[in-house]
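Participant: I have a structure here, written as C-alpha cells, and I will follow up with some questions on it.
The values are calculated or read from the model by the stated rules, or taken from the named source; none is laboratory data. Everything numeric in this text was worked out from a predicted model, so none of it was measured. Cβ coordinates were reconstructed from backbone atoms using ideal geometry, including for glycine residues, and neighbour counts include every protein chain displayed. Note: accessible area is taken over every heavy atom of the protein model, side chains too, but ligands, DNA and RNA are not part of it. Shrake-Rupley method; radii C 1.70, N 1.55, O 1.52, S 1.80 Å.
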Amino acid sequence: MGDLDSSSSSTYPKYLEHLSGDGKAIGVLTSGGDAQGMNAAVRAVVRMGIYTGAKVYFIYEGYQGLVDGGSNIVEAKWDCVSSILQVGGTIIGSARCKAFRSREGRLKAACNLARLGITNLCVIGGDGSLTGANLFRKEWSGLLEELARNGDIDNDTLQKYSYLNVVGMVGSIDNDFCGTDMTIGTDSALHRIIEVVDAIMTTAQSHQRTFVLEVMGRHCGYLALVSALACGADWVFLPESPPEEDWEENMCLKLSENRARKKRLNIIIVSEGAIDLQNKPITSEKIKDLVVKNLGFDTRVTILGHVQRGGTPSAFDRILASRMGVEAVIALLEATPETPACVVSLRGNQAVRLPLMECVEMTQDVQKAMDERRFKEAVKLRGRRFEGNLNTYKRLAIKLPDEKIVKSNCNVAVINVGAPAAGMNAAVRSAVRVGIADGHKMFAIYDGFEGFANGQIKEIGWADVGGWTGQGGSILGTKRTLPGKYLEKIAEQMHSHSINALLIIGGFEAYLGLLELAAAREKHEAFCVPMIMVPATVSNNVPGSDFSIGADTALNTITDTCDRIKQSASGTKRRVFIIETMGGYCGYLANMGGLAAGADAAYIFEEPFGIGDLQSNVMHLTEKMKTSIQRGLVLRNESCSVNYTTDFIYQLYSEEGKGVFDCRKNVLGHMQQGGAPSPFDRNFGTKISAKAMEWISAKLKGSQGTGKKFVSDDSICVLGICKRDLLFQPVAELKKDTDFEHRIPKVQWWLKLRPIMKILAKYEASYDMSDTGKLEPLQHHGDL
C-alpha cells in the first residue's frame, strides 16, 4: 500500500494506465439547489482525477462561473478538498444562471473551457442542470467553430478540443430523478426530518396534540412518504397520489379512531407540492383548520423548510457521493466522441451509468402525468421502490375493521435473536401489522429462544406496536442463546400455542438458530412450519444479505464520532486518532466508516496486514503532517488481528511518530448498538419485514386445510438484499457461503469499495473495474 506522490500529476499506478488522465482536464461544478453530500462528490472527483494524472478544475458558482470565467475557474489541488466530507452544502457554490440558457452565454462558457483545455465536465445537480450540460455538449463543436471564426481561439485549439464529455451526478434532496434509487442529499434530508419528528412526538404526546408537518418536495413526494413510513404517521399527502374525493371525512375518522385507541398524538405529513384530484393545492394550514373545525383537536403546524437542506451529510450520502465521484471520473476518462452524456447512478448497492437524457425525459414524464391527472401512472413512473413504499405505508397505517379482515386461522410468532440492533422494533411493528391485515393471529416471543423455551409468548395486537418505529434496541428483548439446548421445550411451546409460522429478526445467532431448527425438523414435527429470518445486526455479517437492519445507524454513530474527534484535533495540530469499531470479524463498519469519515487507514480481518503495512501507514502519516492537513484518522475493526491490537497499534504509532505527531485512541464500544434508528434502518426494517410476512402468508395460504407439513429447504429461508434484488434463500443453501469460524460470509460485496478509501487517502490501490464501463438501459429496478 505505497504512498502516492501527488506532487507530480503524472504519477499513477500501472494498473490504471488505460485510464490515464495525462493531458486531460476535468471541470467540476455544482448547480441548482444544494444538497448534503455534494462536497463528498467534489472531493472524490478532485482526488480521483489527480490520482489518474488529470488536471481538475473547480468551477465556482455553477454555470454562472462557467460563463464568467476568470477567477471562477481554478485548478484544484489535493489538499483543497481536505476536511470537506462532513460539511453540508457545496464549497464551490451554486447559482441559478440565466446567461447559460442563451447561446451567447454558452459561447462564453465554451471559450473559457477551451482556453484551459477542459473537455471533460462533471456536473452535480438536478434534472435542469443536467439537461443544460447535455445541450452544451451537443453544441460544443459548433460553439468552438464560431469561436475560431471570431478569432477567440486558434485552429489548433479547435482541433485539439473538438469534443466535450459530460457526466452527471444527481444532487437533490427530493430524490425526484428517475433511474436512480437515491440521489445525493436525500438520506441526509430524511435525517433532518426524522430528528424533528422525533422531537415533536415527545411534546405532542405531553399535550395530546395533532401536528401537521410540511416537508420539501414541490413535485415529488418521496421525502413525505418515506418520513411517514419512518415515523408511523397517521396520514400523508403526496403530489403523485392525491387522496380520494372524500378525504376530509376519512382523515378525521382515522384521527379520531386513533385517539379512541388511547393514542395521545397524531402526526400528519404534507409534501409542499401536495394536491387533490383536481390538482388544487392541499396546504398544511388547510389541514390544520379542517382538524380544528371537525374534531376540535389542539393542532399545530411545523414547516421544516431549509432545515432539510442543511447540516452535515449522513454516512450513506458521503459513501454514495464518494462512489459516484470516482465512477464519474472513470466514465469521463473512458469516454469517446461518440459516448452519449451519462448520469452516474445507484441501483441496489451498485454504481451504474445510465443515459442522461432518457432519465431526464422519464423524470419530466412524471410531472406531465401529474399535470394531466394520470396519478396511477405517475406513481408507476416513479419506480417500483416508490410504489412499494406507498403500498407498505397504506397497509401499516390503516387498519381495516375486524369484520372486514378474512381470518386465516393461523398463528404467526415473531422473535428477536442476538444482540440488539436499531430498527428491530420497526421490523416487529411491520410484521405484526401486516400479519393482522392478512388475517393471522400474531404472537410476540420475549427474550429470544430462552424466553421461547420458558413460554414467554403473548398475543400482540395492532395498537400494541404503535410508536415502535423510532425506538432503539429491542422492546421484545433479545438474547444470544441458541435454540439447540431448548429444542424439546421450544417444540412444546410451538405445539401448545399452535404456531403455524415463525419470523426471526436477528444477526448471526439468528442464522445459526435457524440452521439448528432446520436440522431438528426430522425429530420435532412442530418445526415443520414456514420459518424466515430477517437480518438485523450492526456487524452486517449475515450470509444471504448485503445489508442488515442496524448497520446504517451504527455507521452514522461511527461517522459522527469521527467528525467530532477530527474537529477536536483542529486545535491541536499533528495528532493521529486510532478508533476501534465493533463488528466481530466483519470489517464492514471499519471499512465503510473509514470511507465516510475520510480515514487514512482502516484495518480489517478480511485484508491481512503485517508490520510492514503498519510502518508504511506511519510513513504516510509522517508525510501528511508536512502538508496543511496536520491530523490523521485510523480505524481498526475489533477482531482484525489477534496480535496487532488497538493498544499495540497505538503504541507503535506513538513510538514511530515521536517528534512528528502524537496519538490518541478511542474504543467506541456499545454506543454503536444504541440510539434511535436512522431513517434507512427504520424503512429497511419496515419494508423487509413486510416482505417476510407476505412470504409467510403465501406459504400458509397455499397449505390451508391440507394439513401440509413444511419439510422442504425452501420453507426455511433468509430474506436479504443481494445486489439489486430481494432474495429468499434457503438457509441450507447458504451454508456453503459461510465462514462459520469467523461468523462472516465468504464473499462480501463491500470489499470492492476498499480501494476507493485508499485512493481518496492518497495510497496506491488496484481498483476493480469489472462492474464499470457499461452504459445500462433505463428500467425500474429494486424490490424494496
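Participant: Output the residue which, of all residues in region 139-170 that are in contact with a Phe, Trp or Tyr (Cβ under 8 Å, 6 or more places away or on another chain) and within 24 Å of S345 (Cβ to Cβ), is most open to solvent (accessible area, probe 1.4 Å).
Facilitator: Y163
Participant: Let me ask something additional. Filter the strands (runs of 3 or more DSSP E) completely within region 516-608 down to those with at least 1 residues that are more than 24 Å from P730 (Cβ to Cβ) and within 17 Å of the chain's Cα centre (by Cα).
Facilitator: Here the list is empty.
Participant: I've got another one for you. Where residues in region 110-138 are touching a Gly at 6+ places or on another chain (Cβ under 8 Å) and of a type in the set (V, I, T), which of them is surrounded by the most Cβ atoms within 10 Å (Cβ to Cβ)?
Facilitator: Out of the qualifying residues, it is I124.
Participant: Looking only at region 656-673, which residues are open to solvent by 30 Å² or more (accessible area, probe 1.4 Å) and touching a helix residue (DSSP H, G or I) at 6+ places or on another chain (Cβ under 9 Å)?
Facilitator: E656, V660, D662, R664, K665, N666, V667, M671
Participant: May I ask you to verify whether R192 is in the same structural domain as T131 (by the TED database), open to solvent by 20 Å² or more (accessible area, probe 1.4 Å) and basic (K, R)?
Facilitator: For R192, the condition - in the same structural domain as T131 (by the TED database), open to solvent by 20 Å² or more (accessible area, probe 1.4 Å) and basic (K, R) - is not met.
Participant: Select from region 632-651 the residues that are aliphatic (A, V, I, L, M) and either buried (at least 16 other Cβ atoms within 10 Å of the Cβ) or not assigned by the TED database to the domain that holds A590 (or both) and write down the one among them that is farthest from R754 (Cα to Cα).
Facilitator: I649
Participant: Another one. List the number of the failed condition for K723; all other conditions in (1) over 16 Å from L502 (Cβ atoms); (2) surrounded by 18 or more Cβ atoms within 10 Å (Cβ to Cβ); (3) in contact with a Phe, Trp or Tyr (Cβ under 8 Å, 6 or more places away or on another chain) hold.
Facilitator: Every condition holds for K723 apart from (2).
Residue-by-condition table, conditions (1) assigned by the TED database to the domain that holds S172; (2) modelled with pLDDT of 90 or more; (3) assigned to a loop (DSSP other than H, G, I, E, B); (4) closer than 22 Å to I184 by Cα:
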{"residue": "T302", "(1), (2), (3), (4)": "no, yes, no, no"}
{"residue": "R318", "(1), (2), (3), (4)": "yes, yes, no, yes"}
{"residue": "L332", "(1), (2), (3), (4)": "yes, yes, no, yes"}
{"residue": "V343", "(1), (2), (3), (4)": "yes, yes, no, yes"}
{"residue": "M362", "(1), (2), (3), (4)": "yes, yes, no, yes"}
{"residue": "E377", "(1), (2), (3), (4)": "no, yes, no, no"}
{"residue": "E387", "(1), (2), (3), (4)": "no, yes, no, yes"}
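Participant: Step by step: first the residues of region 542-560, then only those that are open to solvent by 10 Å² or more (accessible area, probe 1.4 Å) and of a type outside the set (V, I, T), then the one that is nearest to V711 (Cα to Cα). Which residue is that?
Facilitator: G544
Participant: Does region 268-280 contain at least one residue that is in contact with a Leu (Cβ under 7 Å, 6 or more places away or on another chain) and open to solvent by 40 Å² or more (accessible area, probe 1.4 Å)?
Facilitator: No, region 268-280 contains no residue that is in contact with a Leu (Cβ under 7 Å, 6 or more places away or on another chain) and open to solvent by 40 Å² or more (accessible area, probe 1.4 Å).
Participant: Could you grab me the full set of residues in region 115-147 that are of a type in the set (V, I, T) and part of a strand (DSSP E or B)?
Facilitator: Selection gives V123, I124.
Participant: What about V634, is it assigned to a loop (DSSP other than H, G, I, E, B) and among the β-branched types (V, I, T)?
Facilitator: No, not satisfied.
Participant: Also, I was wondering about something else. Within the set of pairs 6+ apart or on separate chains, which have a first residue in region 360-388 that is of a type in the set (D, E), a second that is assigned to a helix (DSSP H, G or I), and C-beta atoms under 7 Å apart?
Facilitator: Correct list of pairs: D365/L381; E377/A369; E387/V379; E387/K380.
Participant: From the list G179, G232, G185, which one is more than 16 Å from G466 (Cα to Cα) and at pLDDT below 95?
Facilitator: G179
Participant: Let me ask something additional. How many residues does region 678-695 contain that are touching a strand residue (DSSP E or B) at 6+ places or on another chain (Cβ under 7 Å) and closer than 13 Å to N389 by Cβ?
Facilitator: Within region 678-695, residues that are touching a strand residue (DSSP E or B) at 6+ places or on another chain (Cβ under 7 Å) and closer than 13 Å to N389 by Cβ number 3.
Participant: Something else about it: Do we find that N112 is touching a residue at least 60 places away in the same chain (Cβ under 8 Å) and either closer than 28 Å to M757 by Cβ or not in a loop (DSSP other than H, G, I, E, B) (or both) in this structure?
Facilitator: no
Participant: Within region 609-631, track down each residue that is buried (at least 20 other Cβ atoms within 10 Å of the Cβ) and in a loop (DSSP other than H, G, I, E, B).
Facilitator: Across region 609-631, there are no qualifying residues.
Participant: Find the strands (runs of 3 or more DSSP E) located wholly in region 192-299 whose residues include 2 or more that are within 22 Å of G311 (Cβ to Cβ) and β-branched (V, I, T), and list them.
Facilitator: Answer list for region 192-299: 266-271.
Participant: Separate question: Name every residue in region 424-457 that is more than 23 Å from T481 (Cα to Cα), of a type in the set (V, I, T) and over 29 Å from the mean Cα position of the chain (by Cα), in order of residue number.
Facilitator: The one that is more than 23 Å from T481 (Cα to Cα), of a type in the set (V, I, T) and over 29 Å from the mean Cα position of the chain (by Cα): I436.
Participant: Being surrounded by fewer than 22 Cβ atoms within 10 Å (Cβ to Cβ), acidic (D, E) and at pLDDT below 95 is true for just one of D68, D79. Which residue is that?
Facilitator: Answer to the check: D79.
Participant: Out of the residues in region 402-418 that are in a loop (DSSP other than H, G, I, E, B) and open to solvent by 60 Å² or more (accessible area, probe 1.4 Å), state the one that is nearest to Y511 (Cα to Cα).
Facilitator: N409
Participant: Still on this structure: Could you list, in sequence order, the residues of region 589-615 that are more than 18 Å from K752 (Cβ to Cβ) and of a type in the set (D, E, K, R)?
Facilitator: Result: D600, D613.
Participant: Just name the residue that is farthest from the chain's Cα centre (by Cα) out of those in region 214-243 that are small (G, A, S) and surrounded by fewer than 24 Cβ atoms within 10 Å (Cβ to Cβ).
Facilitator: Per the stated criteria, the residue is S241.
Participant: If you go through region 74-96 one residue at a time, do you hit one that is of a type outside the set (F, W, Y), assigned to a strand (DSSP E or B) and under 28 Å from L144 (Cβ atoms)?
Facilitator: Within region 74-96 (the criterion being of a type outside the set (F, W, Y), assigned to a strand (DSSP E or B) and under 28 Å from L144 (Cβ atoms)), the answer is yes, since at least one residue qualifies.
Participant: Need at least 3 residues that are in contact (Cβ under 8 Å) with a residue 12 or more places away in the chain and aliphatic (A, V, I, L, M) per element, so show me which helices (runs of 4 or more DSSP H) inside region 420-508 make the cut, counting only ones lying wholly within it.
Facilitator: Of the helices (runs of 4 or more DSSP H) lying wholly inside region 420-508, those with at least 3 residues that are in contact (Cβ under 8 Å) with a residue 12 or more places away in the chain and aliphatic (A, V, I, L, M) span 424-437, 487-496.
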